[in-house]
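Taken together, the values in this text are just the output of simple stated rules run on the coordinates, not laboratory data. What you are looking at is a predicted structure, and each value in this text was computed from that prediction instead of being measured. Note that we place each Cβ from the backbone using ideal geometry, even for glycine, and neighbour counts take in every protein chain shown.
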Amino acid sequence: MSGYDLGPILDAIAEAVAAKLEPRIASAKPIQPRLLTVKQAGEYLGCSEASVYHQVSEGKLPVVRRDRRVFLDVRDLDRMIDACKGGR
């Protein structure tokens, strides 16, 4: 090479690219899954996995079965929460 230090130029380019991308990254919304595992559903509802399994076995919560795995639809969880609110 001719002895030029490209470090400052590369740093300036990297800063310019980062400044252009930052607003896009900041405004990006994370993807929220519609189907949750039993563990995730428990966290969502604020209860244990055993409690979720119990509600499933009693038919209080419908499930989606795929490849031997059990998932719960967030919309069903929200409906259950809303139904519990009405019982006050």
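Observations, loosely collected:
- Looking at segment 16-80, the GluC sites (Glu not before Pro) that sit in a DSSP loop and have at most 14 other Cβ atoms within 10 Å of their own Cβ are E58.
- In the chain, Cα pairs under 8 Å separated by at least six residues give a relative contact order of 23 percent.
- In plain terms, the chain from I81 to L21 could stretch by 17.7 nm, reckoned as 0.36 nm per residue minus the Cα-Cα distance.
- Computed [θ] at 222 nm, helices only, for the chain once each DSSP H run of length n ≥ 4 contributes -39500 (n - 2.57): -18000 deg cm²/dmol
- Sequence-distant aspartates and glutamates (8 or more away, or on other chains) whose Cα lies within less than 19 Å of K20: D11
- Placing +1 on the Cβ of every Lys and Arg and -1 on the Cβ of every Asp and Glu, with nothing else charged, gives the chain a dipole about its Cα centre of roughly 640 debye.
- Eligible lysines near K60 by straight Cα distance, threshold 23 Å, same-chain separation 8 or greater: K39, K85
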